[in-house]
Amino acid sequence: MGNAAGVRRNFEELEQRRMEAARLLEAGINQSEVARRLGVHRQSVIRWQRALWRAGRGGLKKAGRAGRKPKLSAPQLAKLERTLKSGPEMLGYETGLWTLARVRKLIEQQYGVRYNPSQVWRILRQLNWSCQRPSGRALERDEPAIQRWKRVEWPRIKKKPAANSV
């Protein structure tokens, strides 16, 4: 079972549901009826009842944060984003392109935290930054000359269908 990809669980609502189950169980309602009323599997109610017997209502409280704690705090992430918005040129790079290696180096210099490139990418996605590809056009590009060539030269040299073809 589980959640669909990308769907986050609301831990407060889950805890409230467990507390409601505890209230119903303490009122003497059987497990099957509790499961029906709350719209959960009976197995869940059995697990909750065991936790209730072992640790009381405290055993049904929501767990703490899952997984490893982040190495960068929210204020540090905000400061990182401000630095990223100032552009890589402000840090001495020649081009205005942030690469994962550059961002990784910046994080290590500012916060002393080392990440691998995939984690740097996750941090950028968390900050709502997306992958940007440079246009690949030369700075010396002469737009008016290009437009003139497309309008005048290209039609002149382009092959035209033979006049007698049907």
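Derivation of every value follows stated rules applied to the coordinates shown; laboratory data play no part. Nothing here was measured: the structure is a model prediction, and the numbers come from that model. Neighbour counts are summed over all protein chains in view; Cβ atoms, including those assigned to glycine, are modelled from backbone coordinates with ideal geometry.
Quick notes on this structure:
- Contact order for the chain, expressed relative to its length and based on alpha carbon pairs under 8 Å spaced 6+ residues apart, stands at 12 percent.
- Extent along the principal axes, Cα only, for the chain: 92, 60, 21 Å, with the longest axis given first.
- Semi-axes of the equivalent ellipsoid for region 74-126, computed as √(5λ) from the eigenvalues of its C-alpha gyration tensor and ordered from largest down, come to 16, 13, 11 Å.
- Partners of LYS158 within straight-line reach, counting lysines whose Cα lies under 16 Å from its Cα and excluding those fewer than 8 residues away in the same chain: LYS150.
- For region 11-60, Kirkwood radius (reciprocal of mean inverse C-alpha pair distance, Å): 10.4 Å
- Neighbour counting of Cβ atoms within 10 Å sorts the residues TRP53, TRP98, TRP48, fewest neighbours leading, into TRP53, TRP98, TRP48.
- One decimal place: the segment GLU108-SER32 gains 21.9 nm when fully extended, by the rule 0.36 nm per residue minus the C-alpha distance.
- In plain terms, the residue of LYS160, LYS150, LYS71 with the fewest other Cβ atoms within 10 Å comes first and the most crowded comes last, giving LYS160, LYS150, LYS71.
- Placing a label point 7 Å from the Cα of CYS131 along the Cα-to-Cβ direction, the residues of region 86-114 whose backbone N falls under 12 Å of that point are 100.
- Helix 117-126 vs. the chain, principal-axis angle (Cα, 0 to 90°, nearest 10): 80 degrees
- Extension gain for the segment LEU77 to TRP154, taken as residue separation times 0.36 nm less the Cα-Cα distance, is 22.6 nm to one decimal.
- Here the simple spin-label model places points 7 Å from the Cα toward Cβ, and for LYS62 and GLU12 these points are separated by 0.7 nm.
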